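Report on one structure; see the data block that follows.
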Amino acid sequence: MRVVEKRAKISRREFMVTSGAAAFIVTNIAVINTEEAWALEVKALKPGTMRTLILVARDIYPHDRLADKYYAAAVMGYDEGAQKDATLKNLIEMGISGLDLRSRDKHHKPYAEVAKEEDRVAMLREIEGTQFFQKIRSGLVVGLYNNKEVWPLMGYEGSSWEQGGYIHRGFNDLDWL
Amino acid sequence: MSAPYSLDDGSVVVIVGSGAGGGTLGTELALKGIDTVVLEAGSRNEIEDFINDEWASFQQLAWKDLRTTSGTWRVHHDFPNLPAWIVKSVGGSTVHWAGASLRFQEHEFKARTTYGDTPGANLLDWPITLQELEPYYEKAEFMMGVTRTNDIPGLPGNNNFKVLEAGAKKLGYQTVHTGRMAINSQPRDGRGSCQQIGFCFQGCKSGAKWSTLYAVLPKGEATGKLEVRPNSQVLRIEHDAKGLVTGVVYADADGNQHRQRARIVCVAGNSIESPRLLLNSASNMFPDGLANSSGQVGRNYMRHTTGSVYAIFDKPVHMYRGTTMAGIVQDEASNNPARGFVGGYELETLSLGLPFMAAFLDPGSWGRDFSSALDKYDHMAGLWIVGEDMPQETNRVTLHASDKDQYGMAVPNVNFDDHRNDDAMRKHAYKQASALYEAVGAVRTFHTPPYPSTHNLGTNRMSADAKDGVLNKWGQTHDVKNLFVSDGSQFTSGGAENPTLTIVSLAIRQADYVADQMSKGEI
């Protein structure tokens with residue numbers, strides 16, 4: 001049966017996910033991911049806000065096999081949006097700072113430094129009904145899962161007609177029943 | 001006279017919509033030599049324009065004009081402005097349909113007599129019987145090239161079907177096969193055979209799947225008696241002092257309005273736009289909407305008892321490879337009240353791509369419980385439940401009290417609540433489908449709620465008596481004899497079957513009647 005290779009993750013990923021602070025550096029103009037070697041310039045939002053937003057995105061739809069860069073790709077559009085739309089900028093800044101406030105209250109550290117996913121998710125559940133959370137969540141449905149680079153990692157092969165469909169590419173090759 | 005027709009040509013038949021009903025009717029009339037104009041709201045996207053990409057295709061083809069919803073149905077909660085996923089493009093929903101072509105069962109034409117007086121349900125028998133429609137079912141199956149009819153072989157089963165078949169057999173189901181599909185299993189009618197592309201919902205790139213866009217309309221156009229005018233959204237139907245329709249007003253791509261005169265008007269805009277058009281055509285003579293003396297225009301909206309079940313296995317399935325819906329279990333389609341509900345349901349294979357799965361598997365859901373399911377996307381198999389839902393007067397399309405569209409016309413609101421019978425049927429179907437998949441090793445199953453409706457029916461229903469419905473047995477409105485309805489809004493009951501074959505059959509039959517009536521000078 002023809003299977004789709006979903007590139008294996010390095011084992012350090014598990015460690016990195018639960019102590020996300022180790023991979024990220026926040027400067028006054030950018031978010032840098034040292035482990036994955038990418039940087040994201042942030043113009044309208046605070047870089048710290050963007051860094052936390054990337055983690056919130058992962059906590060909403062956690063896939064251990066997906067590198068941070070895919071979550072960053074899913075939310076970086078909010079910075080561009082915030083450049084043009086003051087209401088959006090406010091919504092995101094207030095949403096993240098509200099989350100950090102909650103986090104300092106409960107865990108004595110900002111959201112991005114809380115080590116356990118379940119602790120972070122518990123805080124997200126508390127704000128589940130808010131406009132901020134719903135906007136981020138619904139945006140991720142497309143931002144994360146409509147990314148063509150993510151598809152093969154999830155075992156989805158995308159456009160098919162130009163490759164002649166699946167008639168010769170395993171449409172009925174299931175062999176375990 | 002021949003196409004293209006002048007706006008002032010009042011001798012033409014004007015058809016609103018180019019889908020299964022409007023497209024079929026248009027070509028049938030043209031083949032009989034009748035001058036016909038089909039006004040299609042959408043653009044003319046052809047096969048080369050289709051995109052194998054779920055969201056991009058949705059942007060290209062879907063009807064996205066503002067609609068509102070109300071009622072307790074989950075669609076109102078999760079997709080408040082998307083009650084239906086249908087097509088705004090030449091070919092209508094035959095562009096994105098999956099191809100399932102089933103005949104209604106005999107008792108489904110007699111829903112009231114068979115199911116009895118079901119409280120809360122506005123059940124009614126059709127004014128036609130299966131026997132009367134059978135010759136037209138035969139014509140439609142031949143025209144569309146339905147597999148398992150006319151010596152056309154069934155399609156081969158894909159991976160998703162293999163799982164369905166194995167599970168069905170374990171449960172003891174007897175009627176399991178790759179469906180009666182209007183998809184070429186071998187070259188036919190100048191179109192190639194299925195390449196198992198797997199993007200049936202995004203327009204068939206091989207043309208193997210039947211659609212009025214490329215399998216029907218060009219044949220009408222070739223006669224010179226059919227003009228298909230895209231980007232022409234009909235806003236209002238006009239009538240004279242005698243109460244006969246005289247033409248339609250439509251908006252073109254730039255938003256400029258034009259009046260196309262007509263001898264006869266046939267409305268085929270699918271079950272939200274069609275009643276909306278009649279309601280928006282209210283006048284002093286027809287204060288409740290055109291042809292609405294019964295008050296039933298917009299009412300009895302049905303969307304089938306639907307829902308999906310997706311199952312995760314330990315081994316890969318790749319259900320997205322190949323046809324989206326060539327697989328069916330028919331054992332539960334009969335009427336068997338011992339199960340706790342009237343009417344039956346079909347179980348049909350279904351696949352969504354990753355982007356749509358993320359959106360529709362469990363709308364609103366998040367966290368590891370949800371993401372762990374998507375982690376197993378390529379280990380999923382899936383099916384769709386298609387069951388007979390109860391017509392209810394309160395399930396209806398009405399004009400929004402204040403919201404207007406880009407042309408200043410009141411937008412439609414779709415109000416819907418499940419009937420007790422719908423709930424009971426859905427529960428039963430979810431349980432059976434989970435059992436089917438668990439019988440062959442599913443480790444996890446999901447009961448996915450109904451999507452924005454792809455089957456939309458009943459809002460201008462046929463009735464023997466003018467007080468019970470909008471149309472007579474020919475789809476001719478009771479109130480206005482040169483006004484017809486030609487789409488699924490005609491349906492008096494929803495049956496347990498996908499509607500397209502019945503819509504096409506009714507259109508072929510309606511063409512015979514319209515031509516006959518025209519030749520006698522009746523209309």
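General observations
- Under 12 Å, Cβ to Cβ, from B:Ala62 - net charge with Lys/Arg +1 and Asp/Glu -1: +1
- Fraction in percent of alpha-carbon pairs per bin - 10 Å, the protein assembly as shown: 3, 15, 24, 24, 18, 11, 5, 1, 0
- Contact order for chain B, expressed relative to its length and based on alpha carbon pairs under 8 Å spaced 6+ residues apart, stands at 24 percent.
- Taking the number of Cβ atoms within 10 Å of each Cβ as an exposure proxy, the fewest-first ranking of B:Cys194, B:Cys266, B:Cys200 is B:Cys200, B:Cys194, B:Cys266.
- Positive-pole candidate from B:Ala515, B:Ile183, B:Ser232, dipole of the protein assembly as shown, charges at beta carbon: B:Ile183
- Relative contact order [Cα under 8 Å, 6+ residues apart], chain A, whole percent: 26
- Estimated FRET transfer efficiency when R0 is 25 angstrom, pair B:Asp465-B:Leu130 (beta carbons, to 0.05): 0.75
- Spin-label model, B:Ser293/B:Asp254: points 7 Å from Cα along the beta carbon direction are separated by 4.3 nm.
- Label sites at A:Ile25 and B:Val443, each approximated as a point 7 angstrom past Cα along Cα to Cβ, lie 4.0 nm apart.
- Neighbour-count ranking [beta-carbon atoms within 10 angstrom, fewest first] of B:Ser505, B:Ser70, B:Ser57: B:Ser70, B:Ser57, B:Ser505
- Segment B:445-490: equivalent-ellipsoid semi-axes (sqrt of 5 x gyration tensor eigenvalues, Cα, Å): 31, 11, 7
- Taking max minus min of the alpha-carbon positions on each principal axis, segment B:143-296 gives extents of 63, 39, 30 Å, largest first.
- For segment A:85-139, the Kirkwood hydrodynamic radius comes to 11.6 Å, computed from all pairs of different C-alpha atoms.
- Relative to one another, the C-alpha centroids of segment A:100-153 and segment B:340-410 are positioned 26 Å apart.
- Backbone N within segment B:190-221 under 15 Å of label point (7 Å from A:Arg65 Cα along the Cβ vector): none
- If the chain linking B:Ser372 and B:Asp151 were pulled fully straight, counting 0.36 nm for each residue of separation and taking away their Cα-Cα distance, it would gain 75.1 nm.
- Reciprocal mean inverse distance between Cα atoms of segment B:428-523 - Kirkwood radius, Å: 16.1
- Using C-alpha pairs under 8 Å with a sequence gap of at least 6, the mean separation divided by the residue count of segment B:27-159 gives a relative contact order of 15 percent.
- Pairwise label distance in nanometres, A:Ile32 with B:Lys169, each label 7 Å out on the Cα-Cβ vector: 6.1
- Orientation-averaged projected area, Cα convex hull of segment A:105-177 (nm²): 8.7
- Taking every full run of DSSP H in chain A, the ones that stretch at least 15 Å from end to end by Cα along their long axis and average 0.0 or higher on the Kyte-Doolittle scale are A:47-60, A:131-143.
- Interatomic Cα distance distribution for segment B:341-463, bins of 5 angstrom, percent: 2, 8, 16, 17, 17, 14, 11, 8, 5, 2, 0
- Most positive-pole-ward Cα, B:Phe58, B:Gly116, B:Ser434, against dipole of the protein assembly as shown from beta carbon charges: B:Ser434
- Taking B:Ser493, B:Ser281 and counting other C-beta atoms within 10 Å, the order from fewest to most: B:Ser281, B:Ser493
- Alpha carbon convex hull of chain B, volume per residue in cubic angstrom: 134
- Cα Rg, Dmax, segment B:484-523, angstrom units: 12.1, 39
- Between segment B:159-210 and segment B:439-513, the C-alpha centres lie 23 angstrom from each other.
- What the Cα convex hull of segment A:22-177 gives, in volume per residue, is 162 Å³.
- Computed FRET value (nearest 0.05) for A:Lys109 with B:Lys427, which takes r as the C-beta separation and R₀ as 60 Å: 0.80
- Percent of Cα pairs in segment B:39-183 per distance bin of 5 Å, from zero to the largest separation: 2, 8, 10, 11, 13, 18, 20, 14, 5, 1, 0.
- Rule-of-thumb Rg ratio for segment B:264-341 [Cα; 2.2 N^0.38 Å; N residues]: 1.83
Every read-out reported here was derived from the displayed coordinates using simple, explicitly stated rules and does not represent laboratory data. Quantities reported herein were computed from a predicted structural model and do not represent experimental measurements. Because the Cβ atoms are built from the backbone with ideal geometry, glycine has one as well, and the counts that use them run over all protein chains shown.
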